[in-house]
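Asker: Sharing a structure below in structure tokens format, with a few things to ask.
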Amino acid sequence: MRDKLLKIIQAYEELEKKLMDPAVVSDPKEYARLAKEHASQSELVAKAREYLGALDDIEAAKEMLHEADADEKAMLQEDISANEAKLPELEDDIKFLLIPADPNDEKDTIVEIRAGVGGDEAAIFAGDLFKMYQHFCESRGWKIQILSSSPSEAGGFKTIEFKVTGEKVYSVMKYESGVHRVQRVPKTESQGRIQTSTATVAVLPEADEIDIQIDQNDLRIDTYCASGPGGQCVNTTYSAVRITHLPTNTVVQSQDQRSQIQNREVCMQMLRARLYEMELEKQQAEQGAARLSQIGHGNRSEKIRTYNQPQDRVTDHRIGFNGTYNGVLLGDALSSVIEALAAAERAEKLAQAV
């Protein structure tokens, strides 16, 4: 492993020299590309240096043992034991970092929450999930932009789509895709009976125009009067936009922005994300058993989590993780669930890599 790590460190140092090259600095696109590559390798290089440093310290201490007195030998042996104890964990860290990262991890995301079974209570639950993600994203310094929404008269949303921007958003939010189930007494229930309702969450990596090329001839674009909140243009101008991608019959619509141009741009963002997701699913199906991990890529039909209010418990069924109902649904403890899922995915990838 030593030779491999030395080559990685050498390549990293050459990358650092390129970043100081005036020709590269004067080229914003090339500089941004190299800076991104440099940042992506920094953790691996730090672990590699730490690992090689520990090996060097062990070798140096063993050489000194031959000429050391009794007290010095005891100290040197302690140093050797301490460094040897670090090696297995460092090896696991390096193996994990050498596994090719999901290319979408750096992307921003488009999140869709859709009320499922349960009528008004399902819509209210969809609204609760949106508030959970809103609080969670704010706590991480991420920004949320509502792209499209269909409010329910009873509260919450029939559907809501929003964009999350920030550092490595998809790498965290991807674990939320799937069916979320809530068990609680609805506010509208007078006899105190517990009801089970569901909502579906889809987390899509935002696709750039480079990722997905869309032929304008494949689109049917309809405009109509917006309804509900949205400013002075509501119900007076054709500002709302619906776009249908004819080859896949994929439909997206937006009416929450202030102008037809803005709504059209939002629709194109959502359409690119959905077509990109279709392409990813096609690739993953072709990979079959070779796919490294199912965790974090939950199918929309897969029940991933249950929020049980009477028992004050939230269970993530993929890993059997339990948290408190209020702690998770209020967004404060959601990070603990996601960290546990990330750790499980890490262990699975390491097992596959051995």
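Asker: If you take the residues of segment 65-83 that are surrounded by 14 or more Cβ atoms within 10 Å (Cβ to Cβ) and in a helix (DSSP H, G or I), which of them is nearest to the chain's Cα centre (by Cα)?
Answerer: The extreme case among them is Asn83.
Asker: Could you list, in sequence order, the residues of segment 160-175 that are part of a helix (DSSP H, G or I) and within 25 Å of Gln257 (Cβ to Cβ)?
Answerer: The answer is Val169, Tyr170, Met173.
Asker: State all residues of segment 326-335 that are without any contact (Cβ under 8 Å) to a residue 24 or more places away in the chain and out of contact with any Gly (no Cβ under 9 Å at 6 or more places or on another chain); if no residue qualifies, say none.
Answerer: Asn326, Gly327
Asker: Something else now. Have a look at Asp21, Asp57 and point out the one that is surrounded by 13 or more Cβ atoms within 10 Å (Cβ to Cβ), closer than 30 Å to Lys107 by Cβ and of a type in the set (D, E, K, R).
Answerer: The conditions single out Asp21.
Asker: Give the residues of segment 95-135 that are touching a Leu at 6+ places or on another chain (Cβ under 9 Å), at pLDDT 90 or above and not aromatic (Phe, Trp, Tyr), sorted by residue number.
Answerer: Thr109, Ile110, Val111, Glu112, Ile113, Asp128, Leu129, Lys131, Met132, His135
Asker: So, one more: Test Leu341 against the criterion of being more than 20 Å from Phe96 (Cβ to Cβ), in contact (Cβ under 8 Å) with a residue 40 or more places away in the chain and assigned by TED's automatic domain parsing to the domain that holds Tyr170, and give yes or no.
Answerer: Here the answer is no, as Leu341 does not meet what is asked.
Asker: Is it the case that some residue within segment 250-258 is closer than 30 Å to Val172 by Cα and modelled with pLDDT under 85?
Answerer: yes
Asker: Here is a follow-up. Among the residues of segment 7-14, is any part of a helix (DSSP H, G or I), under 17 Å from Pro88 (Cα atoms), of a type in the set (A, V, I, L, M) and modelled with pLDDT of 90 or more?
Answerer: No, that holds for no residue.
Asker: Of all residues in segment 173-198, which are surrounded by fewer than 17 Cβ atoms within 10 Å (Cβ to Cβ) and of a type in the set (A, V, I, L, M)?
Answerer: Val185, Ile194
Asker: Do you know which residues across segment 126-149 are of a type in the set (A, V, I, L, M, F, W, C), part of a helix (DSSP H, G or I) and within 23 Å of Gln253 (Cβ to Cβ)?
Answerer: Ala126, Leu129, Phe130
The values are calculated or read from the model by the stated rules, or taken from the named source; none is laboratory data. Computed from a predicted model, the values in this text were never measured in an experiment. Cβ: placed from backbone, ideal geometry, glycine included. Neighbour counts: every protein chain shown.
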